[in-house]
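Novice: Below: one structure in structure tokens.
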Amino acid sequence: MLKFDISEPENPILEGRTSYDPGADGDAHSLTPYDAGGTRYILQNDEDGFNLPGVLASTSVTGDERYPAVQQFWAPTLLSRGSLASGLLTGRAHDARNGCFGKRYVGAKNKVVLINVVDPFYAQQPCGVGKQVLFAVRAGAKAVMLNLIGPDDPSRITAPDARTRSSSTRKRGESPSSRWPRSTRSPPRSGPDCRMGS
Amino acid sequence: MKVTLKAQPPSFGFLRIFDEATAEDINEDGTPEYEQVGHFSDLAHVRGEFKAPPGFWTIHNTEVLDERAYASWSGTASWRST
């Protein structure tokens, strides 16, 4: 929810916004203000048509950083269901980079495979996500994390910051990719978040 | 490197209450963020249940009159997947 000063309608000024904790969906639909005791409250309605749980990803080399992700409906197994009812999955990472060739998945068995995906809405993909996921499945991946490269990167959408208020140090516009360890050879331009399935 | 994926509590949309007096520019982008000070999500199937029964179990809109808030809430099986 955004609040504007419209005293000069031709020049609206953004005065403030509501925010969400990490992992929250952020489905602001409508609001109504409420004044009480000299304080103005905002009653915000988060209309959400499906309750697929969001995911926070962390790694052994990025400490307390938590990267927001969304699960994919088509994943054969979803966190919080069936064998993953605990909602928790841990594994060693395998960086498949652009993931367009079978050789990228050598050694991926029983690992969490990281794959870069170019958002096809904005640019031509080097290969399709379906092909990438099939490569990972055939290689025996434990789970797949798709790093969406494009303007719709959730790490940008979930601003002001994916991390908690107390631990936040990243400024808007600073990609978490700068914190993604070089040793993983993962080249995400927009962070190790986005889409995952297991 | 080890990766941990942790699912967050499943939920449909619910009522969040923010206090404008808490405005603070947390991320230093020039726009103050309001802090959530309350919420209501206690209706059936709204939180903590994945999957919920077919339908939408989400808030839609709220209006205020004096010291009462009236919220429209989708609590019925308004659609079913096949």
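Novice: Out of B:Val46, B:Val3, which single residue is surrounded by 14 or more Cβ atoms within 10 Å (Cβ to Cβ), among the aliphatic types (A, V, I, L, M) and free of Cβ contacts under 8 Å to residues at least 24 places away in the same chain? Even if it seems obvious, please write down each step before you answer.
Specialist: Details: B:Val46 fails: free of Cβ contacts under 8 Å to residues at least 24 places away in the same chain.
Among B:Val46, B:Val3, only B:Val3 is surrounded by 14 or more Cβ atoms within 10 Å (Cβ to Cβ), among the aliphatic types (A, V, I, L, M) and free of Cβ contacts under 8 Å to residues at least 24 places away in the same chain.
Novice: On to the next question. Could you list, in sequence order, all residues of segment A:138-152 that are surrounded by 22 or more Cβ atoms within 10 Å (Cβ to Cβ) and modelled with pLDDT under 90?
Specialist: Residues satisfying the conditions are A:Leu148, A:Ile149.
Novice: Sticking with this structure for a sec: Output the number of the condition that A:Ser7 fails; it satisfies all remaining conditions of (1) closer than 19 Å to B:Ala23 by Cα; (2) out of contact with any strand residue (DSSP E or B) (no Cβ under 8 Å at 6 or more places or on another chain); (3) of a type in the set (S, T, N, Q).
Specialist: The single condition A:Ser7 does not satisfy is (1).
Novice: Let me ask you something else. Looking only at strands (runs of 3 or more DSSP E) that fall completely inside segment A:1-113, which ones have 1 or more residues that are among the hydroxyl-bearing types (Ser, Thr, Tyr) and within 30 Å of B:Pro53 (Cβ to Cβ)? Spell out how you get there, then give the answer.
Specialist: Values: elements: A:2-5, A:13-18, A:28-36, A:39-46, A:54-59, A:67-71, A:88-95.
The strands (runs of 3 or more DSSP E) meeting that bar are A:13-18, A:28-36.
Novice: How do the pairs read when you match residues in segment B:7-27 that are free of Cβ contacts under 8 Å to residues at least 40 places away in the same chain with residues anywhere that are polar (S, T, N, Q), using Cβ under 6 Å and keeping only pairs 6 or more apart or on different chains?
Specialist: Correct list of pairs: B:Ala7/A:Ser80; B:Ser11/A:Asn51; B:Arg16/A:Gln44; B:Arg16/B:Gln36; B:Phe18/A:Thr18; B:Phe18/B:Gln36; B:Ala21/A:Thr39.
Novice: Okay, next question. Looking at (1) closer than 27 Å to A:Ala57 by Cβ; (2) over 18 Å from the mean Cα position of the chain (by Cα), which one does B:Ala23 not meet, given that it meets all the others?
Specialist: B:Ala23 satisfies every listed condition except (1).
Novice: Okay, moving on. Residues A:Thr90, A:Thr32: which one is more than 23 Å from B:His60 (Cβ to Cβ), within 7 Å of another protein chain (Cβ to nearest Cβ), of a type in the set (Val, Ile, Thr) and out of contact with any helix residue (DSSP H, G or I) (no Cβ under 8 Å at 6 or more places or on another chain)? Don't jump to the end; show me each part of the working.
Specialist: Values: A:Thr32 fails: more than 23 Å from B:His60 (Cβ to Cβ).
Of the residues listed, the single one that is more than 23 Å from B:His60 (Cβ to Cβ), within 7 Å of another protein chain (Cβ to nearest Cβ), of a type in the set (Val, Ile, Thr) and out of contact with any helix residue (DSSP H, G or I) (no Cβ under 8 Å at 6 or more places or on another chain) is A:Thr90.
Novice: Of all residues in segment B:1-59, which are more than 30 Å from A:Gly91 (Cα to Cα), polar (S, T, N, Q) and at the interface with chain A (Cβ under 7 Å from one of its Cβ atoms)? So that I can check it myself, show each step before the final result.
Specialist: Applying the first criterion (more than 30 Å from A:Gly91 (Cα to Cα)) to segment B:1-59 yields B:13-46, B:53-59.
Now restrict to residues that are polar (S, T, N, Q): B:22, B:27, B:31, B:36, B:41, B:58.
Once the filter is applied, which keeps residues that are more than 30 Å from A:Gly91 (Cα to Cα), polar (S, T, N, Q) and at the interface with chain A (Cβ under 7 Å from one of its Cβ atoms), segment B:1-59 yields B:Asn27, B:Thr31, B:Thr58.
Novice: Does segment A:69-90 hold any residues that are surrounded by 14 or more Cβ atoms within 10 Å (Cβ to Cβ) and on the phi < 0 side of the Ramachandran plot, and which are they?
Specialist: Selection gives A:Ala69, A:Val70, A:Gln71, A:Gln72, A:Ala75, A:Leu78, A:Leu79, A:Arg81, A:Leu84, A:Leu89, A:Thr90.
The values are calculated or read from the model by the stated rules, or taken from the named source; none is laboratory data. Since the structure is predicted, the reported quantities are computational estimates derived from the model, not experimental observations. Note that we place each Cβ from the backbone using ideal geometry, even for glycine, and neighbour counts take in every protein chain shown.
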